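Have a look at the structure below, then the notes.
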Amino acid sequence: MKYEPPALAGDEELVMDCHSHGRHPAYFSSTDNQDDRHDVKMALVIGNCDRSNPSVAARLCAKGLFEETKRVPQAWYQAVWAAEAK
Ligand SMILES: [Zn+2]
């Protein structure tokens, strides 16, 4: 999917970039690697959105260096799962 991130005002900084893989699992694709290669931010992907317990992947992006978290905080899962249950 192609999209343009929203423009930031002069004093705003991008901290977290979040997107969904719909029904597909959460992971960082080659497209994600291309999109994130110039940024400094946290990136979050939510997948398996058709399930009651969607998958989540997160990483730190630093201008082409990617450090994926081995374990997403449980509270983040609970936030996603709670949203699904509503
Ligand atoms: Zn992606």
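Laboratory data are not the source of any read-out in this text; all were calculated from the coordinates shown. Please read all numbers here as calculations on a predicted model, not as lab measurements. Glycine gets a Cβ as well: all are built from the backbone with ideal geometry, and neighbour counts include every protein chain shown.
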Helix 74-85 sits off the longest principal axis of the Cα atoms of the chain, rounded to the nearest 10 on a 0 to 90 degree scale, by 60 degrees
Expected sort for 60-69, 36-45 on mean C-beta neighbours within 10 Å, highest first, is 36-45, 60-69
Sorted by chain and then number, the residues having a modelled amide H within less than 5 Å of the amide H of Asp17, at least 5 places away or on another chain, are Met42, Ala43, Leu44
If unit charges are put on Cβ atoms (+1 for Lys and Arg, -1 for Asp and Glu) and the dipole of the chain is taken about its Cα centre, the option from Tyr3, Gln34, Thr69 lying farthest towards the positive end turns out to be Thr69
Taking only the Cα positions of the chain, the convex hull volume per residue in Å³ is 116 Å³
The ³J(HN,Hα) series, computed from each phi in segment 23-28 with the Karplus coefficients 6.51, -1.76 and 1.60 at θ = phi - 60°, rounded to the nearest Hz and given as x for glycine or proline, is 7, 7, x, 6, 6, 9
Over the chain, the sum of -39500 (n - 2.57) across DSSP H runs of at least four, divided by residue number and rounded to 500 deg cm²/dmol, gives at 222 nm -6500 deg cm²/dmol
